[in-house]
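First the structure, in the form of structure tokens, and then the observations on it.
The values are calculated or read from the model by the stated rules, or taken from the named source; none is laboratory data. Note that the structure is a prediction, hence the values are computed from the model and not measured. Here the Cβ is made from the backbone with ideal geometry for all residues, glycine too, and neighbour counts use every protein chain on show.
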Amino acid sequence: MGSVGRYLVFKTMWVAAQKYKIGDSLIVNHEELENWIDVTVEYCKIIQGRIEKEVDFKKSKAKS
């Protein structure tokens with residue numbers, strides 16, 4: 001996973017953490033948090049795939 005993917009995972013997990021924060025304590029429904037992680041990973045794979053396709057396209061265009 002590239003740096004963009006890692007950033008997206010971090011950002012999404014941060015948002016998830018804020019969602020569960022009440023006062024100073026962090027309340028987490030583990031099942032929902034696991035779903036967040038699964039969705040985040042899938043989303044990052046999609047984004048990374050799009051970025052890689054775009055990079056490949058630009059590289060192939062630069063060669064011609």
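In the range 14-61, the qualifying residues are those that are at pLDDT below 80 and of a type in the set (S, T, N, Q), and the one that is surrounded by the most Cβ atoms within 10 Å (Cβ to Cβ) is 40.
Taking every residue in the range 46-58 that is over 11 Å from residue 5 (Cα atoms) and pairing it with any residue that is not in a helix (DSSP H, G or I), at least 6 positions away or on another chain, the pairs with Cβ-Cβ distances below 9 Å are 52/2.
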